[in-house]
Amino acid sequence: MEWRISFCCDEPAEIDLKRARVRAQAATLTAGAAVLAYRAREGQWPATLEAAMKEPPRDPFNGQPLRYHLTDKGFRVESVGKEDRQYTAPVGAGAPIAFGYPAPDAPSLPAR
């Protein structure tokens, strides 16, 4: 009689997706922190992500620079995610990933 041991594990593609999501979350968080630090130093939001960081992180899903948008009250840094689309809301494992300020329903920073 032959015994086989199997382990419950994700498929390699699922593991790769999870790794890319973690890298995208780290990249958007790092870029968001750089934008907040720029705002603290300069008193205004940077016009581009490159103004806040010498070498902005690349999106692990498409190899392009992360997307950076100014909003009415702040900013948003985005990864396109596996779905390769603009961030609208997180839906599913392949959805875009974003870091934004201010958080929904949060007050904005005071003017300097």
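What follows draws every value from the coordinates through simple rules; no lab data is involved. Please read these numbers as outputs of a predicted model, since none were measured by experiment. Cβ sites come from the backbone with ideal geometry, for glycine too, and all protein chains shown count toward neighbours.
Extension gain for E42 to R19 (0.36 nm times residue separation, less C-alpha to C-alpha distance): 4.8 nm. What FRET efficiency do you get for A103 and E50 if R0 is 25 Å and r is their Cβ-Cβ distance, rounded to the nearest 0.05? With R0 = 25 Å, the Cβ-Cβ based efficiency is 0.50.
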